Amino acid sequence: MPVLLRTRRLTIRAFTATDAPAAYAMWSDPEVCRYTGDEPATDLSVIVADIARWQKITARGPGCGFWAVDADGAGFVGDVYVRPCAEIPGEHELGWHFSRPHWGRGYATEAAAAAIRHARAAGISRLVALIDPGHHASLRVAEKAGMLPEGLSDRYTPGEPPSAVFTSTVTMPGL
C-alpha cells in the first residue's frame, strides 16, 4: 500500500480493500457517527463500496484524497481527507474520523496538520473544516492543527444546520 505521508507517529496512506473490517468497526460505532450526519454502517459491504468511492476522491486533483491513517504499533486508527467543496468552487474541505479507542491521543490533530501541509504543497490555497458546533473535540483539533474559526455557516451545507467553519488559508504575497 503506497504511503502518502509519514508523521512522527502516523502513516497516512491510500485505503485498500483490506482496510474494510477495521473501517467497518469504526463506522459502525454510533459515537463515531454522532456528529457526522451519517448513520452507523450496518454491513461490511457498505464500507467496501465506500472504500471504492473514497479511492475516487484521490483522482479529483492534486492534494485531494480520502486516506487511511495507521498509528505505529496500532494499525488502522482512522481516516483523514481533503476533497473539493461541491458548493463552493475553488475551496476544499478537510475532515477526519478516528476509532473511539484512539480518541484523545492527538492522532486527529497530527493527521489534520499533515493533510494541511500536503494540500498546501499541492497548491490548494483554502481549506475549510465543517464541524458540528457541539463536537468540542473536533473544534479543538481544528484549532490545534492551526485552523482559524470563521463562525457558524450553512453556505457549505445548504438545508442543514449551520456548521462551525474553521479555515486554513494561504495568502499569496502581493495580493
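The values are calculated or read from the model by the stated rules, or taken from the named source; none is laboratory data. What you see is a predicted model; the values in this text were computed from it and never measured. Neighbour counts are summed over all protein chains in view; Cβ atoms, including those assigned to glycine, are modelled from backbone coordinates with ideal geometry. Just the protein is used for accessible areas: all its heavy atoms, side chains included, with ligands, DNA and RNA removed. Shrake-Rupley method; radii C 1.70, N 1.55, O 1.52, S 1.80 Å.
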Completion exercise
Inside the range 126-161, the number of residues satisfying the requirement of being among the polar types (S, T, N, Q) and at pLDDT 90 or above is 2
Handout entry: Unmet criterion (only one of (1) part of a strand (DSSP E or B); (2) within 26 Å of PRO158 (Cα to Cα); (3) open to solvent by less than 60 Å² (accessible area, probe 1.4 Å)) for ASP50
Key = (1)
Practice task
Assess whether ILE88 counts as being buried (at least 21 other Cβ atoms within 10 Å of the Cβ), more than 21 Å from LEU139 (Cα to Cα) and in contact with a Lys or Arg (Cβ under 8 Å, 6 or more places away or on another chain).
Solution key: no
Practice task
For the range 1-20, name all the residues that are more than 14 Å from the chain's Cα centre (by Cα) and among the basic types (Lys, Arg).
Solution key: ARG6, ARG8, ARG9
Handout entry: Of the criteria (1) assigned to a helix (DSSP H, G or I); (2) more than 23 Å from ARG8 (Cβ to Cβ), which one GLY134 fails
Key = (1)
Handout entry: Considering residues of the range 21-39 that are closer than 27 Å to ALA113 by Cβ and in a loop (DSSP other than H, G, I, E, B) only, the residue nearest to the chain's Cα centre (by Cα)
Key = THR36
Exercise for the section: Tell me which residues, restricted to the range 71-106, are among the charged types (D, E, K, R), in contact (Cβ under 8 Å) with a residue 40 or more places away in the chain and more than 18 Å from VAL165 (Cβ to Cβ). Expected result: ASP72, ASP79, ARG100
Exercise for the section: Kindly indicate whether GLU110 is within 29 Å of THR18 (Cα to Cα) and in contact with a Pro (Cβ under 8 Å, 6 or more places away or on another chain). Expected result: no
Handout entry: Hey, GLY151 on the phi > 0 side of the Ramachandran plot, out of contact with any Phe, Trp or Tyr (no Cβ under 8 Å at 6 or more places or on another chain) and not in a strand (DSSP E or B) or not
Key = no
Problem - Among (1) out of contact with any Cys (no Cβ under 6 Å at 6 or more places or on another chain); (2) open to solvent by 30 Å² or more (accessible area, probe 1.4 Å), the one test that ARG83 misses - result: (1)
Exercise for the section: Specify the residue that is farthest from TYR81 (Cα to Cα); the eligible residues are those in the range 112-150 that are buried (at least 21 other Cβ atoms within 10 Å of the Cβ) and in contact with a Gly (Cβ under 6 Å, 6 or more places away or on another chain). Expected result: ILE124
Handout entry: Matching residues in the range 16-43 - criterion: being under 15 Å from PHE66 (Cα atoms) and at pLDDT below 90
Key = THR16, ALA17
Practice task
Test THR11 against the stated conditions and say whether it is open to solvent by 30 Å² or more (accessible area, probe 1.4 Å) and over 20 Å from ALA137 (Cα atoms).
Solution key: no
Completion exercise
Checked THR58, THR109, THR18, THR42 against criteria (open to solvent by 30 Å² or more (accessible area, probe 1.4 Å), without any contact (Cβ under 8 Å) to a residue 40 or more places away in the chain and either in a helix (DSSP H, G or I) or of a type in the set (D, E, K, R) (or both)); the one match is THR18
Practice task
Determine whether the range 123-130 contains at least one residue that is part of a loop (DSSP other than H, G, I, E, B), touching a residue at least 60 places away in the same chain (Cβ under 8 Å) and not charged (D, E, K, R).
Solution key: yes
